[in-house]
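See below for the structure under consideration.
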Amino acid sequence: MAFPDVSATDADRAALRETRAQHVGQRPGTLTVRPGAPKPRLFLMAYDEASCDEAEYTDRYDELLETLRTGPERKYWIDVRGYGDLPLLERLMENFNLHPLQMEDVLNDYQRAKVEVFDDNRLFLVSRMTEFTTDLEIDDDQLSIFTGPNYVLTFQDDYEDCLEVLRNRLRGPSSQLRRHPIAYLAYALTDVVLDHYYPTMAAIGDYIEELEDSIFVARRERRLLNRILQVKKSVVRFRRLVYPERDKIAEILRMPDEVVPEDIKTYYRDCYDHAIQALDLAESYRDNISSLADLYLSDQSNRMNEVMKVLTIISSIFIPLSFVVGLYGMNFQRDDGHGHLLPLNMPELYQPWGYPVLLAILAGIVAGQLYYFWRKGWLSSND
């Protein structure tokens, strides 16, 4: 998936808020397309054990239906990317016998990962494709999957996705994927989404290590705490995305064999293990980033203590010096105004060596204090 820019993300959020506002008070199953949604592009992959054909049917929906009717012996992946044509989506809903509430979940574009069984033991699955973007956020897109007797129908809002590796597997001349029943394609789609969690988590892990190094190297970076808190928010969001995925797969494993055959459940068990591993990584990264924030605050506190120690030492040195020069800075008369000397009014002020002696005394005070601080270990940078 492409890295989104901030302005596009803000526009998408505004459009999502507007769409949600339009849903308020409407009857269940009312279909609403968010403003600015991209025009749908229709892709079809038709395959069997011997071959795989693919074509784009954008603006040729009737031809796509005709292809499905004339080749019932083949398996099909109908890939719909973009929601910006409500009449077309309503035709898809009618032709493939989708419930309006299911289509509403597709168009809302922010459903938790889930699985539902509807007529003739068909499945409706929702997964969330993720990406760790350059904006230090988790970018996730919804993938909606419907199964049929000889097809899988998928919906997504964006043209870009993480499913190209699966398309390449279908295109391969010796593809094992083409030999399996159509239910295996639904599993493979879920598996690819789960596998793509690992690059996302790897990117987060690398960034956490970079932040950890920055705490000790880039000590003057003032926005480091903001970056730590931002990636912590992303980790928490990722964890919130993976939990429903695990629950969805667990529910699939509990379904009767007439809905999900036992041989397909074997593969879903592997998916379940991947979901558990992704959750463990998310938990580990959440703990790491929390420790990183504590480490950063502790490092800031230690540096503040170092600064305060230096300032305290400087202040301690100048306190006696200020006292001495302040004492000798007082103004006293040398005589009483009648020519009589006043011997107790700082007689040393009138000595020829008074000034050098005073400087020597001040230097001795400073040297004595520094020696005392050194003996106490207060001048060591390791404390």
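The values are calculated or read from the model by the stated rules, or taken from the named source; none is laboratory data. Owing to the predicted nature of the structure, the values given are computational and were not obtained by experimental measurement. Please note: Cβ atoms are built from the backbone with ideal geometry, for glycine as well, and neighbour counts cover all protein chains shown. Ligands, DNA and RNA are excluded from the accessible area calculation, which covers all protein heavy atoms including side chains. Shrake-Rupley method; radii C 1.70, N 1.55, O 1.52, S 1.80 Å.
If you check TYR83, TYR76 for being over 33 Å from the mean Cα position of the chain (by Cα) and at pLDDT 90 or above, only one passes: TYR76. I'd like to know if the stretch 209-224 contains one or more residues that are open to solvent by 70 Å² or more (accessible area, probe 1.4 Å), farther than 30 Å from TYR296 by Cα and either assigned to a helix (DSSP H, G or I) or among the basic types (Lys, Arg) (or both). No, that holds for no residue. The set of residues from the stretch 320-333 being loosely packed, with under 12 Cβ neighbours inside 10 Å and either of a type outside the set (Gly, Ala, Ser) or assigned to a helix (DSSP H, G or I) (or both) comprises PHE323, GLY326, LEU327, MET330, ASN331, PHE332, GLN333.
Can you pull out the residues in the stretch 95-107 that are open to solvent by 30 Å² or more (accessible area, probe 1.4 Å), in contact with a strand residue (DSSP E or B) (Cβ under 9 Å, 6 or more places away or on another chain) and free of Cβ contacts under 8 Å to residues at least 40 places away in the same chain? Within the stretch 95-107, just ASN97 meets the criteria.
Reported count of residues in the stretch 279-318, each being open to solvent by 50 Å² or more (accessible area, probe 1.4 Å) and β-branched (Val, Ile, Thr), is 4. Could you please let me know if ARG112 is assigned to a helix (DSSP H, G or I) and either under 28 Å from the mean Cα position of the chain (by Cα) or at pLDDT 85 or above (or both)? No, not satisfied. Of the residues making up the stretch 154-199, just one is surrounded by fewer than 16 Cβ atoms within 10 Å (Cβ to Cβ), of a type in the set (Ser, Thr, Tyr) and part of a helix (DSSP H, G or I), namely TYR198.
If we scan the stretch 36-49, do we find a residue that is modelled with pLDDT of 65 or more, under 34 Å from the mean Cα position of the chain (by Cα), small (Gly, Ala, Ser) and open to solvent by less than 80 Å² (accessible area, probe 1.4 Å)? Yes: the stretch 36-49 contains one or more residues that are modelled with pLDDT of 65 or more, under 34 Å from the mean Cα position of the chain (by Cα), small (Gly, Ala, Ser) and open to solvent by less than 80 Å² (accessible area, probe 1.4 Å). Regarding VAL126, is this residue touching a strand residue (DSSP E or B) at 6+ places or on another chain (Cβ under 8 Å) and outside any helix (DSSP H, G or I)? Answer is yes for this residue. Evaluate the stretch 252-271: report whether one residue or more is within 27 Å of HIS196 (Cβ to Cβ), under 35 Å from the mean Cα position of the chain (by Cα), charged (D, E, K, R) and open to solvent by less than 80 Å² (accessible area, probe 1.4 Å). The answer is yes, given that some residue of the stretch 252-271 is within 27 Å of HIS196 (Cβ to Cβ), under 35 Å from the mean Cα position of the chain (by Cα), charged (D, E, K, R) and open to solvent by less than 80 Å² (accessible area, probe 1.4 Å).
Comparison of TYR83, TYR76 shows that the only residue that is in contact with a strand residue (DSSP E or B) (Cβ under 8 Å, 6 or more places away or on another chain), within 21 Å of ALA46 (Cα to Cα) and open to solvent by less than 50 Å² (accessible area, probe 1.4 Å) is TYR76. Please tell me if LEU311 is at pLDDT below 75, farther than 30 Å from THR200 by Cβ and either in a helix (DSSP H, G or I) or of a type in the set (Phe, Trp, Tyr) (or both). In short, no. Residue check: GLU90 meets all listed conditions (1) part of a loop (DSSP other than H, G, I, E, B); (2) out of contact with any Phe, Trp or Tyr (no Cβ under 9 Å at 6 or more places or on another chain); (3) touching a residue at least 12 places away in the same chain (Cβ under 8 Å) but one, namely (1). Residues in the stretch 167-179: is at least one among the hydroxyl-bearing types (Ser, Thr, Tyr), in contact with a helix residue (DSSP H, G or I) (Cβ under 8 Å, 6 or more places away or on another chain) and under 24 Å from PRO28 (Cβ atoms)? Checked the stretch 167-179: no residue is among the hydroxyl-bearing types (Ser, Thr, Tyr), in contact with a helix residue (DSSP H, G or I) (Cβ under 8 Å, 6 or more places away or on another chain) and under 24 Å from PRO28 (Cβ atoms). Close contacts from the stretch 36-49, counting a first residue that is closer than 12 Å to THR67 by Cβ and a second that is open to solvent by 10 Å² or more (accessible area, probe 1.4 Å) and of a type in the set (Phe, Trp, Tyr), with Cβ to Cβ under 6 Å and a gap of 6+ residues or different chains, come to LEU42/TYR57; LEU44/TYR57.
For ASP59, state whether it is of a type in the set (D, E, K, R), in contact with a strand residue (DSSP E or B) (Cβ under 9 Å, 6 or more places away or on another chain) and either closer than 19 Å to ALA183 by Cα or open to solvent by less than 10 Å² (accessible area, probe 1.4 Å) (or both).
no
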